[in-house]
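Notes to accompany the following structure.
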Amino acid sequence: MKLLILPSGWKLFAAFAGLTLFMTAAVLLSYPPGADGLLSAIRATARSSFALFLLAFLASSLVTLLPGNGSRRLLRERRFVGLAFAFSHALHGLLIYRYAQQFPELFWDGQTITSNLPGSIGYLFLLLLTLTSFKTPMRLLGRRAWKALHSTGMWVLAGVFCLSFYNGTPKGGWYPLAFALIFSAIAFKLTAKLARQQRRTASALS
């Protein structure tokens, strides 16, 4: 698998972050200054964030249902993949902020505080997950609370992605595919969770 030739640790994070920055710059430079370039960069970073999120979200489930060197390597690198997702989505948020500042009449067209609430909750959990991805906060929080926070946070983010893509499906484009992917990922993760529970039950009975 191609994953096996990727760097590890912070080098992996730097590689993903660098690719995200390069992609964003390339998109912005391919348009004249204005709303179209920003919107295209916003869409591009949404897609890079979603791809990185899926890798982090499914890492443990892939080990359960598709064990192998690639899935185990992904699980070991999940922290850095998650941080790369946080970087990409932070860049996505900055681009949205810039768009709202430069083109408020376009940004707020059809937007309400209620419609922006799921995304705001998602960014709050993303901040909490990022801050607690380092050793000192992890130690202060405690293993049980840390695990509960990160499990809950990843499910909240999955829900935000799912709702966002579902609401976007009438627009066509990539939204139907993205919704199908996140729906399938959630089903895959639930299947892996059920498989682990069945294995624990079988082990206890034996």
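All of the numbers you see were taken from the coordinates with simple rules; none came from a lab. Fair warning: this is a prediction, and the values are worked out from it, not measured in the lab. Because the Cβ atoms are built from the backbone with ideal geometry, glycine has one as well, and the counts that use them run over all protein chains shown.
Here are a few candidate values for log10 I(q)/I(0) by the Debye sum over Cα atoms at q = 0.07, 0.18 Å⁻¹: (1) -0.26, -1.16; (2) -0.19, -1.28; (3) -0.24, -1.46. Which one was actually calculated from the structure I just gave you?
It is the one labelled (3).
Quick one: Karplus J couplings for region 140-154, per residue in order, coefficients 6.51, -1.76, 1.60, θ = phi - 60°, nearest Hz, x for Gly and Pro?
The phi angles translate into 5, 6, x, 4, 5, 5, 4, 5, 5, 4, 6, 5, 4, x, 5 Hz.
Provide Glu77, Glu105 in ascending order of the number of other Cβ atoms located within 10 Å of each residue's Cβ, fewest first.
Lowest to highest Cβ neighbour count: Glu105, Glu77.
Expressed as a rounded percentage, what relative contact order does region 2-205 have, with Cα pairs under 8 Å and six or more residues apart?
Computed value for region 2-205: 21 percent relative contact order.
Could you list Leu117, Leu21 so that the one with the fewest beta carbons within 10 Å of its beta carbon is first and the one with the most is last?
With the sparsest Cβ surroundings first, the list reads Leu117, Leu21.
In a solvent-free Debye calculation with one equal scatterer on each Cα, what is log10 I(q)/I(0) for region 50-138 at q = 0.19 Å⁻¹, listed in the order of the q values?
-0.93
So for region 2-205, if I pair up every lysine 8 or more residues apart or on another chain, how many of those pairs have alpha-carbons under 21 Å apart?
Details: Lys2/Lys11; Lys11/Lys135; Lys135/Lys147; Lys147/Lys189; Lys147/Lys193.
For region 2-205, the number of qualifying lysine pairs is 5.
So which chymotrypsin sites (Phe, Trp or Tyr not before Pro) in region 38-75 are both in a DSSP loop and have at most 11 other Cβ atoms within 10 Å of their Cβ? Numbers along the way, then the final one.
Working: sites: Phe50, Phe53, Phe57; in loops: none.
Filter output for region 38-75: empty list.
Quick one: check the C-alpha center-to-center distance for region 145-200 versus region 25-43, whole angstrom.
After rounding, the separation between the Cα centres reads 29 Å.
Test of the criteria: in region 120-206, which chymotrypsin sites (Phe, Trp or Tyr not before Pro) are in a DSSP loop and have at most 12 other Cβ atoms within 10 angstrom of their Cβ?
Working: sites: Tyr123, Phe125, Phe134, Trp146, Trp155, Phe161, Phe165, Tyr166, Trp174, Phe179, Phe183, Phe188; in loops: Phe134, Trp174.
Sparse-neighbourhood loop chymotrypsin sites (Phe, Trp or Tyr not before Pro): Phe134.
Using each residue's phi in region 18-25, evaluate 6.51 cos²θ - 1.76 cosθ + 1.60 at θ = phi - 60° and report the 3J(HN,Hα) Karplus result to the nearest Hz, with x for Gly and Pro.
Coupling constants for region 18-25: x, 5, 5, 5, 4, 4, 5, 4 Hz.
How large is the helix-only mean residue ellipticity at 222 nm for the chain, computed as the sum of -39500 (n - 2.57) over DSSP H runs with n ≥ 4, divided by its residue count, in deg cm²/dmol to the nearest 500?
Value at 222 nm, helices only: -28500 deg cm²/dmol.
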